[in-house]
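The values are calculated or read from the model by the stated rules, or taken from the named source; none is laboratory data. The shown structure was predicted, so the numbers you read here are calculated from the model rather than taken from an experiment. Note that each Cβ is placed from the backbone with ideal geometry, even for glycine, and that neighbours are counted across all protein chains shown.
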Amino acid sequence: MRCAKHLFPMAAAAMMVLAYPSESAAQTPPNVLIVGQIAEPQSLDPHAVTAVNDFRILMNVYDGLVRYADGTLEVEPALAESWEVSEDGLTYRFELRDGVTFHDGAPLNAEAVKFNFDRMLDEEHPYHDTGPFPLSFFFSAIENVEAVDELTVEFTLSEPYAPFLSNLAYPTGLIVSPAAVEQHGEDFGRNPSGTGAYRFEEWASNQRVVVTRNEDYWGGAPELEAVVFRPITDANTRVAEMLSGGLDLMVEVPPDAMNDFRQADDFQVYEQAGPHLWFLILNMREGPFTEKAARQAVNYAIDKQTLVEDVLQGTADVASGPIAPAFAWAYNEELEPYPYDPERARQLLEEAGYEGDTVTFYVTEGGSGMLDPVAMGTAIQADLAEVGMNVEIETYEWNTFLDRVNPGLEGKADMAEMAWMTNDPDTLPFLTLRTEAFPESGGFNSGYYSNEEVDELLNQARASTDPEERAELYRQMQEIVYEDAPWAFIANWKQGAVTTAAVQNFGLQPSFFLMLHDVTKQ
Amino acid sequence: MAAYILKRLLALVPVLLGLTLIVFLIMAAIPGDPATAILGSYATPENVERLNQQLGLNRPLPEQYLLWLGNLLEGDFGRSYSLNRPVLDEVLERFSATLILAGSALILASIFGLLAGIVSAVRQFGWTDRIVTFFVLIGLSTPSFFLGLLLILVFAVNLGLLPASGMYAIYGGGDLPDLLRHLLLPAVTLAVVATGVIARLTRTAMLEVLRQDYIRTARAKGLSERRVVYLHAAKAALVAVVPVIGIQAGFVLGGAVYIETVFQWPGIGAMLVKAISTRDILLVQGGVLVVAASYVLFNLAADVAQSSLDPRLRR
């Protein structure tokens with residue numbers, strides 16, 4: 001007992017000593033931006049990764065030939081100062097910016113660009129084994145890359161492929177230093193070298209990735225001295241770390257925390273809708289959804305406004321069709337979301353001859369871009385019950401879920417949740433709404449939607465080199481798909497971020513990338 | 001004794017082999033594969049096949065396992081495809097972080113658990129006993145992830161005394177005081193349940209010992225109560241408690257998963273969870289191997305400690 005009496009004051013004293021130098025717990029260093037990320041990056045080789053979490057770092061260390069203009073998903077020059085597309089849409093010729101060097105000192109030239117694409121696409125390339133390159137199919141249309149002269153590079157495509165430029169602006173199109181790949185081989189992902197505004201400094205596994213200002217950046221050196229990316233997987237811990245002053249910027253803020261931050265003076269909240277769509281795939285091969293009226297009924301029966309306001313707490317907008325509004329140039333402004341109209345839904349169900357059969361609904365527990373899938377699934381089930389539809393939910397872990405949904409819903413389910421985030425309006429409809437994209441042909445059309453007109457419009461749009469014409473084709477496609485309702489269009493996710501009041505000139509991008517070149521900290 | 005330890009260590013080999021085989025089979029049986037996990041929305045059959053080929057996963061299962069085993073015997077744990085680095089580097093780094101956390105938690109739990117148990121046994125049914133028992137029960141029944149968040153809220157967010165997460169300060173730091181500051185909250189959180197278990201058992205063991213004749217003899221000889229309790233009784237009670245501490249070591253290692261996630265401690269538990277969800281089988285194998293080996297070794301250490309405390313167990 002006496003022993004214990006001494007122990008407690010001792011422990012208390014030890015705690016005070018440990019707690020004393022608390023400046024690092026309460027404050028981040030001046031002119032260094034500490035970013036709270038959702039996970040440890042997989043690799044810093046832009047060709048080897050698939051996660052937005054990694055893209056957030058990569059976009060600040062590398063540049064591509066082109067990039068998305070600030071606040072849009074439209075392509076503008078970056079490492080390439082200009083380009084020309086041949087009449088037939090098969091040849092792209094880029095003029096590179098003069099005098100750009102990689103962080104390791106090597107010059108950026110046409111040969112370096114060629115090396116990048118050959119490494120990804122050519123199995124015979126000496127550094128092809130430094131992969132794998134999971135998204136290299138973004139460039140599978142490339143037949144040949146030629147260094148015409150020091151600063152001119154020409155791509156030849158096997159078929160016209162309009163999303164090509166937009167794919168070049170994606171992280172998979174970022175240009176890495178060939179010298180660094182040759183030096184580090186398969187460890188290049190941990191020793192990255194690009195041309196970006198920040199140069200790689202340090203990667204302490206599971207603790208931080210540090211990048212520092214590139215004094216020689218062709219777009220002007222950034223003001224921040226350094227940026228530190230910290231992986232904090234638990235959302236609540238990320239919020240606590242932000243509140244206790246350990247972060248300057250956090251991404252993927254949980255919805256309920258977003259409201260708290262909004263009301264606090266020391267924080268600034270940012271929101272930006274992205275190229276994301278959350279929808280329900282409806283099985284058109286069998287069951288009630290072979291009838292168009294029943295599919296439209298589902299669209300009318302779901303109270304999307306309440307879903308985004310209550311379940312998602314304002315972190316999404318109501319979706320109106322198969323293309324997200326973030327693709328402003330291709331989005332059809334005239335489409336209004338299906339209104340919430342249970343009466344209309346009941347009528348349509350009657351028209352469709354629905355007689356209370358059980359509707360099997362695949363719900364996932366979580367997954368990339370799925371937001372709050374269980375809560376959303378339950379709310380949707382309740383809305384459909386309201387109009388007399390008898391919905392039975394089956395819940396699966398994400399990988400299992402994909403394993404069941406991707407091969408097609410036939411014989412398994414009538415309805416499934418799904419979400420996609422893409423960089424070009426072509427991607428989602430091309431992979432999921434064409435007849436040729438049925439699962440048996442290797443596509444993602446898991447609900448078996450088939451409309452010749454849509455097929456034709458999508459093929460035309462992909463081959464068109466005139467952006468205006470492409471946009472018009474997409475607008476027509478949206479109208480038809482809206483009417484046919486192969487999906488229930490639910491929500492477009494808004495990305496949320498919070499900074500401390502000291503952080504200036506920050507803005508989120510519709511691409512969901514994190515661009516930190518212009519950011520300053522007071 | 002040496003022969004006994006050697007025998008136990010040799011028995012470890014088939015246990016670990018069987019374990020890796022089971023883990024391998026389970027990982028192969030659960031739906032989804034690494035390529036699908038990596039590709040996410042883009043997992044067309046064509047893309048999956050191409051990626052599997054690049055990852056060497058298109059070989060037959062037995063071949064994959066034997067290949068892994070062959071490499072392992074040469075000391076090569078393979079390369080993690082979700083992290084793009086050698087499995088061994090990652091596992092050792094992560095495991096040492098877990099050992100620091102679990103080790104400190106176990107030390108805290110042993111000290112406070114033994115003290116609390118002894119104190120409440122000596123004052124059986126007194127106020128001290130009731131108060132200690134009350135807190136022990138609270139500790140036993142509080143979910144540790146909740147307690148962790150609570151401590152973060154109080155000590156990091158409201159009081160600003162201690163860091164909320166991580167193992168070292170992000171800028172500067174990296175020395176021992178820095179580590180201890182980061183360690184305090186997670187170690188305390190992790191220690192709470194084990195403290196409760198150890199305290200309950202120590203109390204029971206002590207009560208039994210205190211009723212024995214030789215304790216009465218010791219008191220009759222005129223020894224001070226302190227000597228009786230801490231030297232004669234506690235030593236005997238320890239024999240019953242030490243194997244429990246060994247078992248608690250296993251639980252603490254297991255419980256570290258939650259704590260590591262809440263406090264963003266870069267340990268092996270959090271790594272394993274992520275490795276499973278990305279279907280990174282080589283990383284899972286490496287991690288499980290190290291955790292299982294250490295679990296067995298902890299129990300062995302507890303057995304050895306017990307027999308050195310209790311002469312009757314020595315042969």
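Mind checking which residues of region B:16-49 are polar (S, T, N, Q) and farther than 21 Å from residue B:60 by Cβ? If the condition is that a residue be polar (S, T, N, Q) and farther than 21 Å from residue B:60 by Cβ, then B:41, B:44, B:47 are the ones that fit. Restricting A:463, A:419, A:485, A:471 to residues that are surrounded by fewer than 18 Cβ atoms within 10 Å (Cβ to Cβ) and touching a residue at least 12 places away in the same chain (Cβ under 8 Å) narrows the list to A:463.
Checked against the criterion of being within 13 Å of chain A (Cβ to nearest Cβ) and within 21 Å of residue A:238 (Cβ to Cβ), region B:119-136 has no qualifying residue. Scan region A:280-302 for residues that are in a strand (DSSP E or B) and over 19 Å from residue A:387 (Cβ atoms) and the total you get is 1. Residue B:134 meets all of the listed conditions (1) modelled with pLDDT under 85; (2) not in a loop (DSSP other than H, G, I, E, B) but one, namely (1).
Note on region A:314-433: enclosed helices (runs of 4 or more DSSP H) holding 3 or more residues that are charged (D, E, K, R) and modelled with pLDDT of 95 or more are A:342-352.
For region A:113-165, the set of residues classified as assigned to a helix (DSSP H, G or I) and of a type in the set (Val, Ile, Thr) consists of A:113, A:130, listed by residue number.
Looking at region B:70-86, can you tell me whether even one residue there is more than 8 Å from chain A (Cβ to nearest Cβ), polar (S, T, N, Q), surrounded by 15 or more Cβ atoms within 10 Å (Cβ to Cβ) and within 30 Å of residue B:247 (Cβ to Cβ)? No, there is no match, as no residue in region B:70-86 is more than 8 Å from chain A (Cβ to nearest Cβ), polar (S, T, N, Q), surrounded by 15 or more Cβ atoms within 10 Å (Cβ to Cβ) and within 30 Å of residue B:247 (Cβ to Cβ).
Evaluated against (1) within 13 Å of chain A (Cβ to nearest Cβ); (2) at pLDDT 85 or above, residue B:100 falls short on exactly one condition, (1).
Check whether at least one residue in region A:193-208 is over 27 Å from residue A:505 (Cβ atoms), among the charged types (D, E, K, R) and within 14 Å of chain B (Cβ to nearest Cβ), and report yes or no.
Among the residues of region A:193-208, not one is over 27 Å from residue A:505 (Cβ atoms), among the charged types (D, E, K, R) and within 14 Å of chain B (Cβ to nearest Cβ), which makes the answer no.
Among the residues examined, residue A:506 does not qualify as outside the structural domain of residue A:84 (by TED's automatic domain parsing) and either out of contact with any Cys (no Cβ under 7 Å at 6 or more places or on another chain) or farther than 30 Å from residue A:222 by Cβ (or both).
Taking region A:1-86 as the region of interest, the strands (runs of 3 or more DSSP E) fully inside it that hold 2 or more residues being within 11 Å of another protein chain (Cβ to nearest Cβ), modelled with pLDDT of 90 or more and surrounded by 13 or more Cβ atoms within 10 Å (Cβ to Cβ) are A:32-37. In region A:488-512, the residue that is surrounded by the fewest Cβ atoms within 10 Å (Cβ to Cβ) out of those that are of a type in the set (Phe, Trp, Tyr) and touching a Ser or Thr at 6+ places or on another chain (Cβ under 9 Å) is A:506. Of the residues examined, residue A:371 is not one that is closer than 20 Å to residue A:286 by Cα and in contact (Cβ under 8 Å) with a residue 40 or more places away in the chain.
Residue B:47 falls short on exactly one of the conditions (1) out of contact with any helix residue (DSSP H, G or I) (no Cβ under 7 Å at 6 or more places or on another chain); (2) surrounded by 14 or more Cβ atoms within 10 Å (Cβ to Cβ); (3) within 15 Å of residue A:403 (Cβ to Cβ), and that condition is (1).
Inspection of region B:222-230 finds no residue satisfying the criterion of being touching a Gly at 6+ places or on another chain (Cβ under 8 Å) and of a type outside the set (A, V, I, L, M, F, W, C). Taken together, the residues in region A:485-508 that are under 22 Å from residue A:212 (Cα atoms) and polar (S, T, N, Q) amount to 4.
Do you know which of the residues in region A:101-151 that are β-branched (Val, Ile, Thr), buried (at least 20 other Cβ atoms within 10 Å of the Cβ) and within 30 Å of residue A:213 (Cα to Cα) is modelled with the lowest pLDDT? Restricting to residues being β-branched (Val, Ile, Thr), buried (at least 20 other Cβ atoms within 10 Å of the Cβ) and within 30 Å of residue A:213 (Cα to Cα), the top hit is A:130.
With respect to residue A:293, determine if the residue is small (Gly, Ala, Ser) and not assigned by TED's automatic domain parsing to the domain that holds residue A:484. No: the conditions fail for residue A:293.
Scanning region A:513-522 for residues that are assigned to a strand (DSSP E or B) and buried (at least 21 other Cβ atoms within 10 Å of the Cβ) yields one hit, A:521. When residues in region B:87-104 are screened for being touching a Pro at 6+ places or on another chain (Cβ under 8 Å) and surrounded by 21 or more Cβ atoms within 10 Å (Cβ to Cβ), 3 of them pass.
Among helices (runs of 4 or more DSSP H) entirely within region B:1-100, having at least 1 residues that are on the phi < 0 side of the Ramachandran plot and acidic (Asp, Glu) singles out B:45-55, B:61-73. Kindly establish whether residue A:417 is among the charged types (D, E, K, R), more than 11 Å from every other protein chain (Cβ to nearest Cβ) and farther than 24 Å from residue A:492 by Cα. Answer is no for this residue.
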